[in-house]
1. Pairs please, first residue from segment 139-160 and within 24 Å of R19 (Cα to Cα), second anywhere and among the acidic types (D, E) and open to solvent by less than 30 Å² (accessible area, probe 1.4 Å), Cβ atoms under 8 Å, 6+ apart in sequence or on different chains.
2. With the requirement that a residue be touching a residue at least 40 places away in the same chain (Cβ under 8 Å), among the aliphatic types (A, V, I, L, M) and closer than 21 Å to E66 by Cα, what does segment 85-109 give you?
3. Quick one: which helices (runs of 4 or more DSSP H) sit completely within segment 54-106 and have at least 3 residues that are in contact with an Asp or Glu (Cβ under 9 Å, 6 or more places away or on another chain) and among the acidic types (D, E)?
4. Considering only segment 135-149, I want to know if a residue exists there that is open to solvent by 60 Å² or more (accessible area, probe 1.4 Å) and closer than 17 Å to A24 by Cβ.
5. Could you check how many residues of segment 129-151 are of a type outside the set (A, V, I, L, M), touching a helix residue (DSSP H, G or I) at 6+ places or on another chain (Cβ under 7 Å) and under 18 Å from M36 (Cβ atoms)?
6. What is the residue count in segment 110-122 for residues that are without any contact (Cβ under 8 Å) to a residue 24 or more places away in the chain and under 26 Å from A86 (Cα atoms)?
7. Filter segment 26-53 for residues that are buried (at least 19 other Cβ atoms within 10 Å of the Cβ) and either in contact (Cβ under 8 Å) with a residue 60 or more places away in the chain or not in a helix (DSSP H, G or I) (or both) and give the result.
8. Could you list, in sequence order, all residues of segment 62-75 that are surrounded by fewer than 19 Cβ atoms within 10 Å (Cβ to Cβ) and aliphatic (A, V, I, L, M)?
Amino acid sequence: MDVTLHLAQDPDADRLLGRSPLAALTGMLLDQQIPMEWAFKGPATIAQRLGADDLDAHEIAAYDPEAFAALLSEKPAVHRYPGSMAGRIQQLCRYLVEHYDGDAEAVWRDVDDGKELLKRLQDLPGFGKQKAQIFLALLGKRLGVRPSGWREAAGAYGEEKSFRSVADITGPESLAKVRAHKQEMKAAAKAAKAAKNTGA
């Protein structure tokens, strides 16, 4: 796995995401309630603060929880909720150590069926169905991991030429399109909620 992603919009952070399966999974985990670039820059920030050039699941799993939370809370914080996200990252790393000997890429290596890959991703702590489908689409569209039926398993996120999620971002232009799509979805959800509340 060695491609350049364009999710953090920061060359060093993006390079790490493209070569490190654990960094990519961690960025995806952080991608909630904060801007996408902030989330995907997180793995590089964590690695830097650990004095390493990559993330190590064994090291993070064994790290003192309070010290790890403090590491993520340093300014600039890795997330809006650095304490709870530190716990989630450690949970993810412990799961990877327990089930995959700490090798994040083993989650998708040698999987030949999209449904099986989706199931494996959904089994990861912090990965609900939507997050798992988006990450599956990212693997297929950007990282060349394409088991049989991967597009179907990824649902709408697997569609070609769509601009729905981080899986569709290749640079600033596509980032703007994905942002616009997310704004539309939010507006539609808000309108539906308002209509429901007024009994329309």
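The values are calculated or read from the model by the stated rules, or taken from the named source; none is laboratory data. Everything numeric in this text was worked out from a predicted model, so none of it was measured. Virtual Cβ from ideal backbone geometry, glycine too; neighbours counted across all protein chains shown. Remember, those area values only see protein heavy atoms, side chains included, never the ligands or the DNA or RNA. Shrake-Rupley method; radii C 1.70, N 1.55, O 1.52, S 1.80 Å.
1. Pairs found: K141/D168.
2. Correct list: M85, I89, L92, L96, V97.
3. Result: empty, no element qualifies.
4. Yes, segment 135-149 contains at least one residue that is open to solvent by 60 Å² or more (accessible area, probe 1.4 Å) and closer than 17 Å to A24 by Cβ.
5. So the answer is 5.
6. Matching residues across segment 110-122 total 4.
7. Selection gives T26, M28, L29, D31, M36, F40.
8. A62, A67, A69, A70, L71
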